[in-house]
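Here's the structure, in structure tokens; my notes come after.
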Amino acid sequence: MAGTCVTCLWENFHEPLEKFIARRVANPHDAEDLLQEVFVKISLKLDTLMDQEKIHAWIYQIARNVIVDYYRSGKTFAELPEDLAEGVDGVLGPSAEGETGAGGNANAEMAGCLTGMVQQLPEKYREAILLTEFENLTQKALAERLGLSVSGAKSRVQRARKLLKDMMLDCCRLEFDRCGNIIEFQKYQPDKKC
């Protein structure tokens, strides 16, 4: 975007960002606050953007980080929405607007189970998921931190994701929409904690 300014970005991105945030945050007042926070961060960091062609991805990464911080703050729900916890090519895909039988967001409810499942992973896989998905390390940075090759780090993350997916499928019957969103789930053993 030539001549990028915060006002121009607001005009182009505030509506889609508002929808993006609202799908991930139940309280509309909090969603409005988070939208404002995203634009404050954009205005403060705009001069750090190196490649103007990547502005769309850059803005949405800021929005994701603001939402993650919101859930980590402890002022709200304990569970992180699944699409933020798993990333773009994660186990469950993007956040759904589908409903469970109980009337809640199925992806958000599964996110609560996922948190417990991550803790059940073997240490090396748990560490790979936590660092890449929750602390936003790239797989290259993960490789450097753990002393692995990049392909070794990628394999470890993919294996961890597969283990999580298998754990979820062993625990629950999942029904997906055509986009990969969970629209309904049912635990095989309703009284059993995931």
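Here are the numbers:
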item	result
Per-region count, segment 130-144, residues outside any helix (DSSP H, G or I) and either open to solvent by less than 70 Å² (accessible area, probe 1.4 Å) or more than 16 Å from Asn65 (Cβ to Cβ) (or both)	1
Within segment 6-57, considering residues that are within 20 Å of Asp69 (Cβ to Cβ) and of a type in the set (Ser, Thr, Tyr), the one surrounded by the most Cβ atoms within 10 Å (Cβ to Cβ)	Ser43
Single residue of Ile67, Ile62 found to be under 11 Å from the mean Cα position of the chain (by Cα) and at pLDDT 85 or above	Ile67
Residue in segment 113-126 that is part of a helix (DSSP H, G or I) and modelled with pLDDT under 55 present	no
Tally, over segment 145-161, of residues that are over 14 Å from Leu130 (Cβ atoms) and open to solvent by less than 50 Å² (accessible area, probe 1.4 Å)	1
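The values are calculated or read from the model by the stated rules, or taken from the named source; none is laboratory data. Since we're looking at a predicted model, the values are computed, not measured. Cβ atoms come from the backbone with ideal geometry, glycine included; neighbour counts cover every protein chain shown. SASA here: full protein model, heavy atoms, side chains in, ligands and nucleic acids out. Shrake-Rupley method; radii C 1.70, N 1.55, O 1.52, S 1.80 Å.
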